[in-house]
Each structure stands twice: as structure tokens, then as C-alpha cells.
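Shown next, in C-alpha cells, is the structure this report addresses.
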Amino acid sequence: MYCPKCGIENPDNAKVCNSCNCVLKSTSTSVPNPDTKTSGLAIASFVLGILSFLFAIFTAIPAIILGIISLVKISNSAGQLKGKGFAILGIAIPAVLLPLSLLLLLIPGLSNVRRHAWEVKQMAQLHSIDVALELFNSEFDIYPPSNATDPIGRPYCGAMKLCEALMGQDLRGFHPNSMFRNNGTDKMIKVLYPDANNLTAELYQANIKIRKGPYLPLDYANAYQLKDLFWDVGPFNRNNYIICDPFRRVTNLRTDKKIGMPILYYKADTSKRAHDINDPNNPENIYNYKDNYALLALGVPAQPDKKHPLFEDPTIFYKMTRNYRVTTRSMPNREDTYILLSAGYDGLYGTKDDIANFDISFGWKK
């Protein structure tokens, strides 16, 4: 080592000049080592990290592992290896991308779990309605009617009659004098479901005491008025109630909360013997698709121009409700009672995710 002041040569490890006592500074650390190499593992880690944008988990984990190994080797190389920056990027890039990739993989699974939970809830609701209808039947020795009109021909479909039977037209219970008229009157045109504001407290309570039910708990009935689902209720009374499914595919027009589609109800006519999958208008059909046809004609809530497949092709009703276990002739499921039908997850009646109070996955869905 030469002294920068006097130029005398000194030993390499000298701290002061032997001639002039000038403080000597070693420059060996500033001289680059020509033999230093970039770690191949660090480069590989960086490349795999970049590929994580395309291949996610398949390259992310190897990139992180190689990055960690290369950092250890660089640290222990005593300056013989470089590429620390490549290794750090090879770890950092996939460390950010990997959680996002896993989340994207999980989202479809979470959606399927949520959908399955809704379907289970729908089956539980249909079971509750089944129990409620049996309670109604035990009280009156008949299931409620489901035909498309009331006794004097005004539109009042199966879904609305189901709700009246189980909840009453005001959700306070069914009046035993009901004739299932859309305006809630009896044969003498007496109002059976009066507004509490139009009666004295005593008269209103006397009316309530006559009622039967409700057969479904109000908190779990999912009962809504037609005006909650449709701007244009067509021929119906906009204040009539229906029981809705739990799928929450519709925005309540009055509250902006999510609600479901109506549960359709069809009562079997046990005097008939046919289930014609080719002619829905066969007068001998045990079930009549027209019982809720006018309700289907309202279209999809918020999309009135979009029609339900069950409306456009009524033969679907007979195909999906057919009992395919009976091979000798076409017969419906539940031929002597009633059918409950939910639009399912997609909110459309007549598609293969519909849910009923019987197994419709056999035959029609194959």
C-alpha cells in the first residue's frame, strides 16, 4: 500500500505511514471482484415470480422457495454471488399474487356453498308449507283451491289462494267463511278481512278470534304483496299477498331489500285421470297449468319483457311434474294432493334448477 501523501510503500495492513504518519485507508473493499457471479437461483426465482401472473400457484410457490434458497446462498458466499434484488422480487411478486389466486379459486366454491345453502333452505320452506297445508286440511277436510280465478271470475291465482289459506289475506289468519274471493268477501259480500282502522277495537278482535291459523309463522312465511315485486300487476289486485321463496333474486320495490319469487301452488283434481305431456289443454289433466299462468304472464320482476319458460311452453309443466317411475302411462307426482313449485336459484320457472315438494331431478332433468 502506497502512502497518498509521501508515496512511500507500506505493508498492506498498515494503518499509518511509516514515513510521515499519514493515516492510511484501505481501498480493497471498493475494488470490484471480477469473479462475482449472479445467482442462477435468484434469476430463476425472479422469472418464476413473473410467470405467476399467468400460472399463479403453479409457479408462485417454486419462485418463493428458490428465492429464499438463493438469498441464503448469496449471504453465505462472501461476495462471490450477487442477485439479491432478483431473489427479493422473486419472493415478493408471488407472495402478493398467491393469496389473490387462491381467493379467485375459492370464489366459485363459496358461491356453490351459498347456493346449496339456499336450496336447502328452500326445501325446508316447502316442507313447512306441506305441514301447514296438512293442518289446513285437518281443519277443513280439504286442500285450498288453486284455480286461476275466484268464484265470480276475477283473477285470483293458485299462489294467492295458497297464501290466503295459510295466512289470511291480511296475514292475521284464515277466515272460515272465505270463498277465496280476490277482494276478501264472503257470499254475502261481507268483508272478512277488514282494516283494523275501519272497526272498533272490540269488533276487530272479535273478527280475529274467528280466524284459523296462521298456519305458517309470520316471521318465516316470506309473504309479500304483488306490488312489492311488480310495477304492473296486470289483472290482479296489487295488495294481494303471495308466499315467496328464500332466494332473494328480486328487489322489493317499496323497501329496496332483496326478496324471492312466488311459490306456485297447484291442487290436483282427483276427478281427472290424465297427465298429457303433449297437450297441456287436455280437459282430463289432473293438474291445470293455467292455475298460475296469469301470474307467470307478468314476466320476470324488473324485466317484464323477459318471459318464463313455463309461460312460453306450458308442456314443460307436465314434463317436469311427471312421475317417471311410473312407466305404464303418464302420471303426475302427487296425483291426489297438490304441487308446490319454486323458481329456484335463477328466478325462472320452467328451468332445470326449479325446486318442488317432490323430486323433479329424475327423468325430466336427465
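A few notes on this one:
- Of all residue pairs spaced 6 or more apart or on separate chains, those with beta-carbon atoms under 8 Å, a first member in region 300-324 that is more than 18 Å from residue 265 (Cα to Cα) and at pLDDT below 95 and a second member that is of a type in the set (Asp, Glu) and in a loop (DSSP other than H, G, I, E, B) are 304/232.
- When residues of region 246-291 are limited to those that are in a strand (DSSP E or B) and of a type in the set (A, V, I, L, M), the one nearest to residue 333 (Cα to Cα): 274
- Residues located in region 301-330, provided they are outside any loop (DSSP other than H, G, I, E, B) and touching a His at 6+ places or on another chain (Cβ under 8 Å): 318, 322
- All conditions in (1) closer than 19 Å to residue 161 by Cα; (2) of a type outside the set (S, T, N, Q); (3) surrounded by fewer than 21 Cβ atoms within 10 Å (Cβ to Cβ) hold for residue 341, with the sole exception of (3).
- Candidates are the residues of region 231-245 that are part of a strand (DSSP E or B) and not β-branched (Val, Ile, Thr); the one that is farthest from residue 167 (Cα to Cα) is 244.
- Filter result for residue 331 (in contact with a strand residue (DSSP E or B) (Cβ under 9 Å, 6 or more places away or on another chain) and surrounded by fewer than 19 Cβ atoms within 10 Å (Cβ to Cβ)): yes
- Region 242-275, subset modelled with pLDDT of 95 or more and hydrophobic (A, V, I, L, M, F, W, C), residue surrounded by the fewest Cβ atoms within 10 Å (Cβ to Cβ): 274
- Within region 195-242, the set of residues being over 30 Å from residue 299 (Cβ atoms), of a type in the set (A, V, I, L, M, F, W, C) and touching a residue at least 12 places away in the same chain (Cβ under 8 Å) comprises 208, 210.
- The single condition from (1) closer than 23 Å to residue 184 by Cβ; (2) of a type outside the set (Val, Ile, Thr); (3) in contact with a Lys or Arg (Cβ under 9 Å, 6 or more places away or on another chain); (4) in a loop (DSSP other than H, G, I, E, B) that residue 298 fails is (3).
- Residue 228 being under 18 Å from residue 159 (Cα atoms), of a type outside the set (Ser, Thr, Tyr) and either over 24 Å from the mean Cα position of the chain (by Cα) or in a helix (DSSP H, G or I) (or both): yes
- Subset of region 130-184 [of a type in the set (Gly, Ala, Ser) and under 21 Å from residue 196 (Cβ atoms)]: 168, 173, 178, 184
- Count of region 201-214 residues which are touching a Phe, Trp or Tyr at 6+ places or on another chain (Cβ under 6 Å) and under 21 Å from residue 263 (Cα atoms): 1
- Residue 189, sole failed condition from (1) part of a loop (DSSP other than H, G, I, E, B); (2) at pLDDT below 95; (3) surrounded by 12 or more Cβ atoms within 10 Å (Cβ to Cβ): (3)
- Conditions (1) over 26 Å from the mean Cα position of the chain (by Cα); (2) free of Cβ contacts under 8 Å to residues at least 12 places away in the same chain; (3) more than 23 Å from residue 286 (Cβ to Cβ): number failed by residue 120: (1)
- Any hit, region 121-143, residues being under 30 Å from residue 238 (Cα atoms), at pLDDT 80 or above, touching a strand residue (DSSP E or B) at 6+ places or on another chain (Cβ under 8 Å) and part of a loop (DSSP other than H, G, I, E, B): yes
The values are calculated or read from the model by the stated rules, or taken from the named source; none is laboratory data. Being a predicted model, the structure only gives us computed values, none of them experimental. Counting neighbours? That spans all protein chains shown, and the Cβs are built from the backbone with ideal geometry, glycine included.
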